Amino acid sequence: MTEKECQVVVRDLYELKFDPVLKPDDFDKISRGTPPDDIAKEQEFVRWADVLLFIYPVWWGGMPAITKGYIDKVLSWGFAYKSNGNGIVYPLLNDKKAVVMSSLGQTKDEYEKGMFQAMSRVNSEGVFGFCGIQVLEQLFFPSIHTVTPEGKEEYFKTAESLLEKLLVAQD
């Protein structure tokens, strides 16, 4: 692997005390093209980034409320997509890529019954794809509560290997 300089900015939504609730006032401001400061700040981070890395646990087959609220507020109309008023949507973040890493409570066998495919499709088409963001990879780490320390170490190695591969691919 060649050495490549990259910058990483971590946005820990809990540490930021990010409010995931899209309030009517927020919605009105977004609709007028003047999002509230907290949303505009996060949109600047998205504008800056080439690759977005989302790391979250799966809750009830999807992302936790704080992550969903972040997406609802930040990847909003006029910034991440627009429409012509007749149902035609135009994605605006076609130059962005994403990687999604999720921990799971159940075993791999439980999720291989269709949940991996469903969650992957929702992310790649319904969430990120809707905005033009290409999902490069989705990693799922099952049995997070019961996996051995060696198993967790394997999860870290898998994540690290993927990120290294992506850095090389960006050269």
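We did not get these values from a lab; they are worked out from the coordinates using the rules stated. Small disclaimer: the values here were computed from a predicted structure and weren't measured. Because the Cβ atoms are built from the backbone with ideal geometry, glycine has one as well, and the counts that use them run over all protein chains shown.
Which entries in the list K108/K152; K73/K113; K73/K96; K17/K108 go over 21 Å, if you measure between the two C-alpha atoms of each? Correct reply: K73/K113; K17/K108. Would you mind counting up the charge near L166? Only other residues with Cβ under 9 Å from its Cβ, with Lys and Arg at +1 and Asp and Glu at -1. Around L166, the surrounding residues sum to 0.
Among the trypsin sites (Lys or Arg not before Pro) in segment 23-86, those located in a DSSP loop and surrounded by at most 16 other Cβ atoms within 10 Å of their own Cβ are R32.
Rounded to the nearest 5, what % of DSSP beta bridges with both residues in segment 24-169 are antiparallel? Percent antiparallel among DSSP bridges in segment 24-169 is about 20.
Below 8 Å, C-alpha to C-alpha, sequence gap of six or more: please give me the relative contact order for the chain in percent. Please report the intermediate quantities before stating the final value.
Working: 183 pairs, mean separation 38.6, N = 171.
Relative contact order of the chain: 23 percent.
Close amide H pairs (under 5 Å, H built 1.01 Å from N) link L52 with K97, A98, V99, residues at least 5 positions away or on another chain. The trypsin sites (Lys or Arg not before Pro) of segment 84-125 that meet both conditions, a loop assignment by DSSP and at most 13 other Cβ atoms within 10 Å of the site Cβ, are K113. The chain gives an Rg/Rh value of 0.98, both radii derived from C-alpha positions and Rh following Kirkwood.
Determine which residues of segment 65-108 fall in the zone a paramagnetic label at L139 would reach in this model, i.e. backbone nitrogen under 15 Å from the point 7 Å along Cα→Cβ. Once the point is set 7 Å along Cα→Cβ of L139, 98-104 turn out to lie under 15 Å by backbone N, inside segment 65-108. As a proxy for reagent exposure, S83, S102 were ordered by neighbouring Cβ count within 10 angstrom, fewest first; the result is S83, S102.
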